[in-house]
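Participant: One structure, pasted below without further comment.
The values are calculated or read from the model by the stated rules, or taken from the named source; none is laboratory data. Since the model is a prediction, treat every value here as computed from it, not as a measurement. Cβ: placed from backbone, ideal geometry, glycine included. Neighbour counts: every protein chain shown.
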Amino acid sequence: MQSVNDRDNANFTEPRPVRDSISEMSEIVLPNDANPLNALLGGRLMHWIDLAGAMAAHRHARAYVVTASIDHLDFLVPVRVGDFVILRSSVNRVFQTSMEVGVKVWVENYRAEKRHHVSSAYLTFVAIDAAGNRIVVPLVVPETEDEKRRYEGAARRREIRQAESALRSGKRS
Ligand SMILES: CC(C)(COP(=O)(O)OP(=O)(O)OC[C@H]1O[C@@H](n2cnc3c(N)ncnc32)[C@H](O)[C@@H]1OP(=O)(O)O)[C@@H](O)C(=O)NCCC(=O)NCCS
(Lines give C-alpha, C1' and ligand atoms only; values in the text may rest on other atoms or scores of the structure.)
Protein backbone atom coordinates (compact mmCIF):
# COMPACT_ATOMS: atom_id res chain seq x y z
CA MET A 1 0.00 0.00 0.00
CA GLN A 2 1.13 3.54 -0.70
CA SER A 3 1.77 5.79 2.26
CA VAL A 4 0.20 9.20 2.65
CA ASN A 5 2.99 10.94 0.69
CA ASP A 6 3.12 8.69 -2.35
CA ARG A 7 0.99 10.68 -4.85
CA ASP A 8 4.14 11.48 -6.87
CA ASN A 9 5.47 7.93 -6.84
CA ALA A 10 5.82 6.76 -10.47
CA ASN A 11 4.39 3.36 -9.53
CA PHE A 12 1.28 4.89 -8.02
CA THR A 13 -1.93 3.32 -9.28
CA GLU A 14 -3.38 4.92 -12.41
CA PRO A 15 -6.44 7.20 -12.16
CA ARG A 16 -9.79 5.40 -12.45
CA PRO A 17 -12.99 6.58 -14.17
CA VAL A 18 -16.00 7.60 -12.07
CA ARG A 19 -18.04 4.87 -13.79
CA ASP A 20 -15.99 2.15 -12.02
CA SER A 21 -17.32 3.39 -8.67
CA ILE A 22 -21.02 3.66 -9.58
CA SER A 23 -23.09 1.59 -7.15
CA GLU A 24 -26.80 0.98 -6.69
CA MET A 25 -28.62 -0.38 -3.66
CA SER A 26 -32.34 -1.12 -3.25
CA GLU A 27 -34.39 -1.69 -0.11
CA ILE A 28 -38.05 -2.52 0.59
CA VAL A 29 -39.29 -0.43 3.53
CA LEU A 30 -40.51 -2.84 6.25
CA PRO A 31 -42.43 -2.03 9.46
CA ASN A 32 -39.20 -2.23 11.47
CA ASP A 33 -37.79 0.67 9.37
CA ALA A 34 -40.76 2.96 10.12
CA ASN A 35 -42.36 5.12 12.80
CA PRO A 36 -45.88 4.41 14.18
CA LEU A 37 -47.36 6.30 11.18
CA ASN A 38 -45.68 3.86 8.76
CA ALA A 39 -43.20 6.48 7.49
CA LEU A 40 -39.53 5.57 7.00
CA LEU A 41 -37.29 6.70 9.89
CA GLY A 42 -34.75 9.36 8.88
CA GLY A 43 -32.03 7.50 10.79
CA ARG A 44 -32.62 4.32 8.78
CA LEU A 45 -32.30 6.27 5.52
CA MET A 46 -29.07 7.86 6.80
CA HIS A 47 -27.71 4.35 7.47
CA TRP A 48 -28.55 3.23 3.93
CA ILE A 49 -26.98 6.42 2.51
CA ASP A 50 -23.78 5.67 4.45
CA LEU A 51 -23.71 2.08 3.11
CA ALA A 52 -24.40 3.11 -0.49
CA GLY A 53 -21.70 5.79 -0.26
CA ALA A 54 -19.21 3.32 1.24
CA MET A 55 -19.78 0.93 -1.68
CA ALA A 56 -18.71 3.56 -4.21
CA ALA A 57 -15.72 4.57 -2.06
CA HIS A 58 -14.58 0.95 -1.63
CA ARG A 59 -14.99 0.26 -5.35
CA HIS A 60 -12.90 3.28 -6.27
CA ALA A 61 -10.17 3.06 -3.59
CA ARG A 62 -10.06 -0.74 -3.47
CA ALA A 63 -9.20 -0.28 0.20
CA TYR A 64 -10.84 0.02 3.61
CA VAL A 65 -12.62 3.35 4.10
CA VAL A 66 -14.14 5.23 7.05
CA THR A 67 -16.82 7.91 6.92
CA ALA A 68 -15.28 11.26 7.88
CA SER A 69 -18.41 13.37 7.39
CA ILE A 70 -21.87 13.61 5.90
CA ASP A 71 -23.04 17.01 4.67
CA HIS A 72 -26.43 18.52 5.28
CA LEU A 73 -29.40 16.21 4.47
CA ASP A 74 -32.96 17.11 3.47
CA PHE A 75 -35.79 14.57 3.28
CA LEU A 76 -37.95 15.92 0.48
CA VAL A 77 -40.92 13.50 0.43
CA PRO A 78 -42.19 10.90 2.92
CA VAL A 79 -41.44 7.22 2.27
CA ARG A 80 -44.00 4.61 3.38
CA VAL A 81 -43.88 0.98 4.43
CA GLY A 82 -43.95 -1.15 1.28
CA ASP A 83 -42.19 1.45 -0.90
CA PHE A 84 -38.91 0.68 -2.63
CA VAL A 85 -35.94 2.90 -1.85
CA ILE A 86 -33.28 3.15 -4.56
CA LEU A 87 -29.86 4.63 -3.74
CA ARG A 88 -27.25 5.44 -6.41
CA SER A 89 -23.71 6.49 -5.52
CA SER A 90 -20.43 7.39 -7.20
CA VAL A 91 -17.14 9.08 -6.36
CA ASN A 92 -17.27 12.78 -7.27
CA ARG A 93 -13.66 13.74 -6.61
CA VAL A 94 -10.55 12.48 -4.86
CA PHE A 95 -8.30 14.78 -2.85
CA GLN A 96 -5.38 13.08 -1.10
CA THR A 97 -6.50 10.42 1.36
CA SER A 98 -10.14 11.50 1.19
CA MET A 99 -12.82 11.40 -1.49
CA GLU A 100 -16.24 12.97 -1.87
CA VAL A 101 -19.04 10.54 -2.76
CA GLY A 102 -22.49 11.62 -3.91
CA VAL A 103 -25.57 9.54 -3.07
CA LYS A 104 -28.95 10.20 -4.66
CA VAL A 105 -32.07 8.53 -3.24
CA TRP A 106 -35.44 7.87 -4.87
CA VAL A 107 -38.65 6.33 -3.58
CA GLU A 108 -40.51 4.04 -5.95
CA ASN A 109 -44.13 3.11 -5.49
CA TYR A 110 -44.69 0.12 -7.75
CA ARG A 111 -48.50 0.28 -7.42
CA ALA A 112 -48.63 3.88 -8.63
CA GLU A 113 -45.61 3.35 -10.94
CA LYS A 114 -44.09 6.59 -9.60
CA ARG A 115 -40.55 7.50 -8.64
CA HIS A 116 -39.70 10.61 -6.58
CA HIS A 117 -36.42 12.15 -5.49
CA VAL A 118 -36.13 11.77 -1.69
CA SER A 119 -32.67 13.06 -0.81
CA SER A 120 -29.18 13.83 -2.08
CA ALA A 121 -26.13 13.56 0.13
CA TYR A 122 -22.42 14.27 -0.07
CA LEU A 123 -20.19 12.12 2.09
CA THR A 124 -16.44 12.21 2.65
CA PHE A 125 -14.64 8.90 3.08
CA VAL A 126 -10.99 8.46 4.09
CA ALA A 127 -9.03 5.42 2.89
CA ILE A 128 -7.04 3.46 5.46
CA ASP A 129 -4.89 0.34 5.53
CA ALA A 130 -5.43 -2.66 7.83
CA ALA A 131 -3.43 -0.91 10.57
CA GLY A 132 -5.66 2.16 10.37
CA ASN A 133 -3.08 4.42 8.66
CA ARG A 134 -4.44 6.81 6.05
CA ILE A 135 -3.46 6.01 2.46
CA VAL A 136 -3.47 8.02 -0.77
CA VAL A 137 -6.43 7.32 -3.06
CA PRO A 138 -5.98 7.01 -6.85
CA LEU A 139 -7.38 10.04 -8.69
CA VAL A 140 -10.80 9.81 -10.31
CA VAL A 141 -11.53 10.83 -13.91
CA PRO A 142 -14.94 12.41 -14.66
CA GLU A 143 -16.11 11.61 -18.21
CA THR A 144 -19.73 12.71 -18.63
CA GLU A 145 -21.06 16.27 -18.30
CA ASP A 146 -22.76 15.38 -14.99
CA GLU A 147 -19.58 13.81 -13.63
CA LYS A 148 -17.58 16.91 -14.62
CA ARG A 149 -20.14 19.20 -12.92
CA ARG A 150 -20.01 17.12 -9.71
CA TYR A 151 -16.18 17.08 -9.87
CA GLU A 152 -16.05 20.90 -10.02
CA GLY A 153 -18.68 21.23 -7.29
CA ALA A 154 -16.74 18.90 -4.98
CA ALA A 155 -13.81 21.34 -4.80
CA ARG A 156 -16.15 24.16 -3.75
CA ARG A 157 -17.90 21.96 -1.19
CA ARG A 158 -14.54 20.93 0.31
CA GLU A 159 -13.65 24.61 0.81
CA ILE A 160 -16.98 25.20 2.55
CA ARG A 161 -16.49 22.11 4.75
CA GLN A 162 -13.03 23.26 5.76
CA ALA A 163 -14.26 26.79 6.53
CA GLU A 164 -17.14 25.44 8.64
CA SER A 165 -14.80 23.03 10.43
CA ALA A 166 -12.41 25.90 11.25
CA LEU A 167 -15.34 27.92 12.54
CA ARG A 168 -16.48 25.05 14.78
CA SER A 169 -12.96 24.50 16.19
CA GLY A 170 -12.69 28.23 16.85
CA LYS A 171 -15.95 28.13 18.76
CA ARG A 172 -14.79 25.10 20.80
CA SER A 173 -11.49 26.71 21.89
C1 LIG B 1 -11.64 10.71 9.36
C2 LIG B 1 -10.28 10.58 10.02
C3 LIG B 1 -9.55 9.35 9.44
C4 LIG B 1 -9.45 11.83 9.71
O5 LIG B 1 -8.24 11.65 10.34
P6 LIG B 1 -7.35 12.88 10.84
O7 LIG B 1 -6.17 12.36 11.55
O8 LIG B 1 -8.23 13.87 11.53
O9 LIG B 1 -6.78 13.41 9.50
P10 LIG B 1 -6.58 14.85 8.88
O11 LIG B 1 -7.22 15.96 9.63
O12 LIG B 1 -5.14 14.95 8.61
O13 LIG B 1 -7.40 14.68 7.51
C14 LIG B 1 -7.20 13.55 6.68
C15 LIG B 1 -8.12 13.67 5.52
O16 LIG B 1 -9.47 13.59 5.96
C17 LIG B 1 -10.19 14.74 5.59
N18 LIG B 1 -11.10 15.05 6.69
C19 LIG B 1 -10.83 15.03 8.00
N20 LIG B 1 -11.92 15.38 8.70
C21 LIG B 1 -12.89 15.61 7.80
C22 LIG B 1 -14.25 16.01 7.89
N23 LIG B 1 -14.85 16.22 9.06
N24 LIG B 1 -14.96 16.17 6.74
C25 LIG B 1 -14.39 15.94 5.53
N26 LIG B 1 -13.10 15.56 5.39
C27 LIG B 1 -12.36 15.41 6.50
C28 LIG B 1 -9.12 15.82 5.40
O29 LIG B 1 -9.58 16.82 4.53
C30 LIG B 1 -8.00 15.02 4.81
O31 LIG B 1 -8.27 14.78 3.43
P32 LIG B 1 -7.06 14.71 2.32
O33 LIG B 1 -6.03 13.73 2.80
O34 LIG B 1 -7.75 14.21 1.09
O35 LIG B 1 -6.55 16.10 2.17
C36 LIG B 1 -10.42 10.41 11.58
O37 LIG B 1 -11.00 11.58 12.10
C38 LIG B 1 -11.25 9.22 11.97
O39 LIG B 1 -10.76 8.09 11.99
N40 LIG B 1 -12.52 9.44 12.33
C41 LIG B 1 -13.43 8.35 12.68
C42 LIG B 1 -14.05 7.75 11.40
C43 LIG B 1 -15.09 6.73 11.73
O44 LIG B 1 -14.92 5.89 12.58
N45 LIG B 1 -16.21 6.82 11.02
C46 LIG B 1 -17.32 5.95 11.22
C47 LIG B 1 -18.43 6.66 11.91
S48 LIG B 1 -18.25 6.62 13.66
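Participant: Quickly run through segment 122-146 and pick out the residues that are within 13 Å of the ligand (Cβ to nearest atom) and either aliphatic (A, V, I, L, M) or free of Cβ contacts under 8 Å to residues at least 24 places away in the same chain (or both).
Facilitator: Result: L123, V126, A127, I128, A131, G132, I135, V136, V137, L139, V140.
Participant: Residues that are more than 12 Å from the chain's Cα centre (by Cα), farther than 20 Å from I28 by Cβ, outside any strand (DSSP E or B) and small (G, A, S): does segment 69-86 have at least one?
Facilitator: Taking every residue of segment 69-86 in turn, none turns out to be more than 12 Å from the chain's Cα centre (by Cα), farther than 20 Å from I28 by Cβ, outside any strand (DSSP E or B) and small (G, A, S).
Participant: Just need a number here: residues in segment 38-63 that are within 11 Å of the ligand (Cβ to nearest atom) and within 18 Å of L139 (Cα to Cα).
Facilitator: Residues that pass the stated criteria total 1.
Participant: Specify the residue that is surrounded by the most Cβ atoms within 10 Å (Cβ to Cβ); the eligible residues are those in segment 131-146 that are closer than 20 Å to T67 by Cβ and in contact with a helix residue (DSSP H, G or I) (Cβ under 9 Å, 6 or more places away or on another chain). Write out each step before concluding.
Facilitator: The first filter runs over segment 131-146 and keeps only residues closer than 20 Å to T67 by Cβ, leaving 131-138, 140.
This time we only want the ones that are in contact with a helix residue (DSSP H, G or I) (Cβ under 9 Å, 6 or more places away or on another chain), so: 135-138, 140.
On the way: I135: 19, V136: 23, V137: 26, P138: 19, V140: 24.
Per the stated criteria, the residue is V137.
Participant: OK, next. Of the residues in segment 87-120, how many are assigned to a loop (DSSP other than H, G, I, E, B), at pLDDT 95 or above and closer than 25 Å to V29 by Cα?
Facilitator: The qualifying residues number 0.
Participant: Moving on. Every residue in segment 72-85 that is in contact (Cβ under 8 Å) with a residue 40 or more places away in the chain and away from the ligand (no atom under 16 Å from the Cβ), please. Talk me through it step by step, then tell me what you get.
Facilitator: So in segment 72-85, the residues in contact (Cβ under 8 Å) with a residue 40 or more places away in the chain come out as 73-77, 79-85.
Scanning segment 72-85 gives D74, F75, L76, V77, V79, R80, V81, G82, D83, F84, V85.
Participant: Specify which of the listed residues (R88, R19, R93) is in contact (Cβ under 8 Å) with a residue 12 or more places away in the chain, among the charged types (D, E, K, R), within 16 Å of the ligand (Cβ to nearest atom) and closer than 26 Å to V136 by Cα.
Facilitator: Working: R88 fails: within 16 Å of the ligand (Cβ to nearest atom); R19 fails: within 16 Å of the ligand (Cβ to nearest atom).
Every option except R93 fails the conditions.
Participant: While we're looking at this one, here's another question. Taking the residues in segment 23-32 that are closer than 21 Å to M55 by Cα and of a type outside the set (G, A, S) as candidates, determine which candidate is surrounded by the most Cβ atoms within 10 Å (Cβ to Cβ).
Facilitator: Looking at the filtered set, the residue picked out is V29.
Participant: Right, something else. Is at least one residue of segment 113-123 closer than 25 Å to E14 by Cβ and either under 16 Å from the mean Cα position of the chain (by Cα) or surrounded by 12 or more Cβ atoms within 10 Å (Cβ to Cβ) (or both)?
Facilitator: Taking every residue of segment 113-123 in turn, at least one turns out to be closer than 25 Å to E14 by Cβ and either under 16 Å from the mean Cα position of the chain (by Cα) or surrounded by 12 or more Cβ atoms within 10 Å (Cβ to Cβ) (or both).
Participant: From the list R168, R149, R158, which one is surrounded by fewer than 21 Cβ atoms within 10 Å (Cβ to Cβ), part of a helix (DSSP H, G or I) and more than 14 Å from the ligand (Cβ to nearest atom)?
Facilitator: Working: R168 fails: more than 14 Å from the ligand (Cβ to nearest atom); R158 fails: more than 14 Å from the ligand (Cβ to nearest atom).
Of R168, R149, R158, the one residue that is surrounded by fewer than 21 Cβ atoms within 10 Å (Cβ to Cβ), part of a helix (DSSP H, G or I) and more than 14 Å from the ligand (Cβ to nearest atom) is R149.
Participant: Is it the case that V66 is in contact with a helix residue (DSSP H, G or I) (Cβ under 7 Å, 6 or more places away or on another chain), within 15 Å of the ligand (Cβ to nearest atom) and within 21 Å of R158 (Cβ to Cβ)? Steps first, please.
Facilitator: Values: in contact with a helix residue (DSSP H, G or I) (Cβ under 7 Å, 6 or more places away or on another chain): no; within 15 Å of the ligand (Cβ to nearest atom): yes; within 21 Å of R158 (Cβ to Cβ): yes.
No, not satisfied.
Participant: Of all the residues that make up segment 1-34, how many are of a type outside the set (S, T, Y) and modelled with pLDDT of 95 or more? Please lay out each step first, then the result.
Facilitator: Within segment 1-34, the subset of a type outside the set (S, T, Y) is 1-2, 4-12, 14-20, 22, 24-25, 27-34.
Pick out the ones that are also modelled with pLDDT of 95 or more and you get 15-20, 22, 24-25, 27-34.
Residues that pass the stated criteria total 17.
Participant: If you don't mind, there's one more thing I want to ask. Report yes if some residue within segment 35-55 is small (G, A, S), touching a helix residue (DSSP H, G or I) at 6+ places or on another chain (Cβ under 8 Å) and either within 29 Å of A155 (Cβ to Cβ) or modelled with pLDDT of 95 or more (or both); otherwise report no.
Facilitator: Step one: of segment 35-55, the residues small (G, A, S) are 39, 42-43, 52-54.
Checking the rest, the ones that are also touching a helix residue (DSSP H, G or I) at 6+ places or on another chain (Cβ under 8 Å) come to none.
No: zero hits.
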